[in-house]
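See below for the structure under consideration.
The values are calculated or read from the model by the stated rules, or taken from the named source; none is laboratory data. Everything quoted here is computed from the prediction, not taken from an experiment. Methodologically, a virtual Cβ is constructed for each residue, glycine included, from the backbone with ideal geometry; neighbour enumeration extends over all protein chains shown. What goes into the accessible areas is simple: the full protein's heavy atoms, side chains included, and nothing from ligands, DNA or RNA. Shrake-Rupley method; radii C 1.70, N 1.55, O 1.52, S 1.80 Å.
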Amino acid sequence: MQFHLNGFRVGDPTVHEPVGEPASSDSLPEEVDVLIVGCGPGGLTLAAQMSLFPEIRTRIVEQKDGPLKLGQADGIAVRTMEMFEAFGFSERVLKEACWINETVFWKPDEDNRQNMVRSGREQDTEDDLSEFPHVVLNQARVHDFYLNVMRNSPTRLEPNYSSRLVDLEIDAPKSEGVKADCSDYPVTVTLERTDPVHEGEIETVRARYVVGCDGAHSAVRKSLGRSMQGDSANQAWGVMDVLAVTDFPDIRMKAVIHSANEGNILVIPREGGYLVRLYIELDKLNEGERVVRHNITSDQLVAAAQRILHPYTLDVKEIAWWSVYEIGQRLCDKFDDVPEEEVGGRFPHVFIAGDACHTHSPKAGQGMNVSMGDTFNLGWKLASVIQGKCALELLHTYSAERQTVAQELIDFDREFAKMFSAPPKAEGDDSSDSVDPKEFQKYFVKQGRFTAGTAVKYYPSLISAEPTHQALAEGLTIGKRFHSAPVIRLADAKPVHLGHAVKADGRWRVFVFADRQDPTSASSGIRDLCRFLEDSPDSPVRRYTPEGADVDSVIDVRAIFQQGHRDLALHEMPGYLLPRKGRYGLVDYEKMFCPDLKDGNDIFEMRGIDRDKGCLVVVRPDQYVAHVLPLDAHDELAAFFARFMLEADRLRTWDS
């Protein structure tokens, strides 16, 4: 990490210098730029990102009286771990979480179907899918990490707990005319204090934007007149976190267990080495029947688990948490306040995210992950518009992108839940209601990228280009997340992951993969590009970087050469790649990288980069690839950014 840019500092470098009044007062201000409703994983992801922009007034409210102590969700996909790296706490999660390395499959023993046998074993995450593993950690700890980011941010943002949303109104005429640089606040939110000291007190907040992260019964969604559409699978399941003694050999593995007649279990080992989560299939529900009518107890869950695990024993010593639920997949048709027919003439000011707009079964481990993905998608867009960097049209892309992702998730979840709940097919069984355990195992492997979160793809739009030049970087797919790879930093020979340069700071990245030419040559493609970015009036860096700001404050350009790091001289590289920054004009030495040839990790080979031509890979602030271009496509690069960015006040030059 980099610090000391604007002067020497002592203490923890993750604690930012405070800027302005701290966003942690007991009462809410009358006006805010962004009001977040709900302190779930989606709300806190958004709050953590917005807290890093001190010029944006952000507040977050929560109906509960304090932070979450024990969460329901626990699975953290590899894609989410990549996002945590952008927020700076992936290492803490890795240290504390339980790693899911393999998944085992159990089915009835054909010699005695009352018993079960292990039928398969699969690596949980395919090789080189990500530098991070699939892990399991209590949702409350994830909340803690986000809250820590917020407390250490320049704004010192803290949630306002015990605050219930009563009403939300949008001044439609005002919202239609709001521009990125005006001070209108078209959304009025009424909140009721529920803490004992202020119980019944009403607070009114006017906001430019409101984001509802307030769960499946979202008050924000209801205020928009939107509803969830979908169905129930009429299947009840129980879930419990237990400390238990058992002779089941795979209790510390992720295990999928199909019994002959007693139902199915999913075993998820938890953090700490002893805790385990059990998802336990219960009875089928009648059409329209709700699970609450069954009055299921924790003792019934334990008994069901013991029957399914036969002939193995399960002695539960303590139940840390338990619940019952019914499988259902529901989706909201749009994730903002603008009707589809009005998209061309009006811009959104209220958004919904996470369970407020999509719900599904928990066994595929997608709920918390997709909720955080929603608001990681939205946060940089809100910041860019409020800061005046991007056009208001950018805000339409949130619902368009994430509603499609949610629909794909629900389609997958419906099939996954159906197969998981089906009885295992016996030899000679032709029933259409049962599933062959081998087929389920194949389906699990086939859908591995989906459950890992890396299959998400955004389709061509304002900020996602057509794949015209995709062949230049076949392993960095436009619309998918930037697939990191190991590199060596040129200046200090440090092995790093290239993708870790993309932080949750709202900046765009342009990764320049050099061609075979000597980069020190005056005629090299990378020197021509640097001259264009530094000197041309059409340069997107010059056009969109505010006066007085560092050269990389809006678009951060980094170069990757084909030569080994010992074959290049730092002082012979283009000066643009050694920018002077901060109040002292200090040199940033972390813009250039080389392949990790010592360990055989050549990023050009790993990600299918065209060695003869090189390329430009444009990466969005949320880590997704927006464009792939030839190294000399200067005009196309400028045209892409011109689609959505707003020009800064005046052009400028930087010392090199």
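For residue 589, state whether it is among the aromatic types (Phe, Trp, Tyr), touching a helix residue (DSSP H, G or I) at 6+ places or on another chain (Cβ under 6 Å) and open to solvent by 10 Å² or more (accessible area, probe 1.4 Å).
So residue 589 fails the test.
Just to confirm my filter: which strands (runs of 3 or more DSSP E) fall fully inside the range 96-156 and include at least 2 residues that are in contact (Cβ under 8 Å) with a residue 40 or more places away in the chain and farther than 19 Å from residue 369 by Cα? Don't jump to the end; show me each part of the working.
Working: elements: 98-100, 102-109, 112-123, 134-136.
So the answer is 102-109, 112-123.
With respect to residue 119, determine if the residue is within 20 Å of the chain's Cα centre (by Cα) and closer than 26 Å to residue 266 by Cβ.
Judged against the criteria, residue 119 is not a match.
Out of 417, 400, 471, I need the residue that is open to solvent by less than 50 Å² (accessible area, probe 1.4 Å) and either closer than 27 Å to residue 605 by Cβ or touching a residue at least 12 places away in the same chain (Cβ under 8 Å) (or both). Which one?
On inspection, the qualifying residue turns out to be 417.
If you go through the range 108-129 one residue at a time, how many are open to solvent by 70 Å² or more (accessible area, probe 1.4 Å), of a type in the set (S, T, N, Q) and under 14 Å from residue 255 (Cβ atoms)?
Of the residues in that region, 0 qualify.
Residue 379: farther than 26 Å from residue 186 by Cβ, of a type in the set (Gly, Ala, Ser), surrounded by 20 or more Cβ atoms within 10 Å (Cβ to Cβ) and within 19 Å of the chain's Cα centre (by Cα), yes or no? Break it down stepwise before answering.
Working: farther than 26 Å from residue 186 by Cβ: no; of a type in the set (Gly, Ala, Ser): yes; surrounded by 20 or more Cβ atoms within 10 Å (Cβ to Cβ): yes; within 19 Å of the chain's Cα centre (by Cα): yes.
The answer is no for residue 379.
From (1) in contact with a strand residue (DSSP E or B) (Cβ under 6 Å, 6 or more places away or on another chain); (2) crowded, with 19+ Cβ neighbours inside 10 Å; (3) of a type outside the set (Asp, Glu); (4) not in a strand (DSSP E or B), pick out the condition that doesn't hold for residue 252.
(2)
Please indicate, with yes or no, whether at least one residue in the range 316-336 is farther than 24 Å from residue 228 by Cβ, in contact with a Cys (Cβ under 9 Å, 6 or more places away or on another chain) and modelled with pLDDT of 95 or more.
no
Residue 502 passes all but one of (1) surrounded by fewer than 23 Cβ atoms within 10 Å (Cβ to Cβ); (2) of a type outside the set (Lys, Arg); (3) under 21 Å from the mean Cα position of the chain (by Cα); which number fails?
Only one criterion is unmet by residue 502, namely (1).
I need a count of the residues in the range 572-585 that are over 21 Å from residue 529 (Cα atoms) and either open to solvent by 50 Å² or more (accessible area, probe 1.4 Å) or part of a helix (DSSP H, G or I) (or both).
Residues of the range 572-585 that are over 21 Å from residue 529 (Cα atoms), as a first pass: 582-585.
Those still in the list that are either open to solvent by 50 Å² or more (accessible area, probe 1.4 Å) or part of a helix (DSSP H, G or I) (or both) too: 583-584.
Matching residues across the range 572-585 total 2.
Could you look through the range 558-571, keep only residues that are open to solvent by 10 Å² or more (accessible area, probe 1.4 Å) and outside any loop (DSSP other than H, G, I, E, B), and pick out the one that is farthest from residue 610 (Cα to Cα)?
Among those residues, the one meeting the criterion is 571.
Considering 51, 25, which residue is open to solvent by less than 20 Å² (accessible area, probe 1.4 Å) and small (Gly, Ala, Ser)? I'd like the intermediate steps shown before the answer.
Details: 25 fails: open to solvent by less than 20 Å² (accessible area, probe 1.4 Å).
Just one listed residue meets the conditions, 51.
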